[in-house]
Amino acid sequence: MTLGGDRLIVTGPDGGKRERTLDGDGAVLAAYREHFGVVLDRVPRVTP
């Protein structure tokens, strides 16, 4: 499972991938919590 920005990618045991775009910061925070056990106050942003 990979979460990058607002894209959640689930790779199955056969190598097949399912991708979905998460709808807003609330959905991204929920994905961090549900799939990775990470509770955040805000969505992490990468700054150059």
| query | Whose amide H sits under 5 Å from the amide H of R7, counting only residues 5 or more places off or on another chain, with H placed in the peptide plane? | reply | L22
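How do the peptides 22-28, 11-17, 34-40 rank, highest first, by the average count of neighbouring beta carbon atoms within 10 Å per residue? All intermediate terms of the calculation are to be shown ahead of the outcome.
On the way: 22-28: 13.1, 11-17: 7.9, 34-40: 10.3.
Ranked by mean Cβ neighbours within 10 Å, highest first: 22-28, 34-40, 11-17.
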| said: Just to confirm a number: summing +1 for Lys and Arg and -1 for Asp and Glu over residues other than A31 whose beta-carbon lies under 13 angstrom from that of A31, what do you get? | reply: -2
| request: Apply the Karplus parameterisation 6.51 cos²θ - 1.76 cosθ + 1.60, with θ equal to phi minus 60°, to every residue of segment 12-20 and state each ³J(HN,Hα) to the nearest whole Hz, in sequence, with x for glycine and proline. | output: x, x, 8, x, x, 10, 10, 10, 8
| field | Calculated Cα extents along the principal axes in Å (choose from [x] 40, 21, 9; [y] 34, 21, 15; [z] 34, 25, 19), label | value | [z]
| task | May I ask for the net charge around L22, where only other residues with Cβ less than 12 Å from the Cβ of L22 are counted and Lys, Arg are +1 while Asp, Glu are -1? | result | -3
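Here, each number is a calculation from the coordinates, and none is a lab measurement. Just so we're clear, the structure is a prediction, and the values are computed from it rather than from any experiment. As a convention, Cβ positions derive from the backbone with ideal geometry for all residues, glycine included, and neighbour counts pool all protein chains shown.
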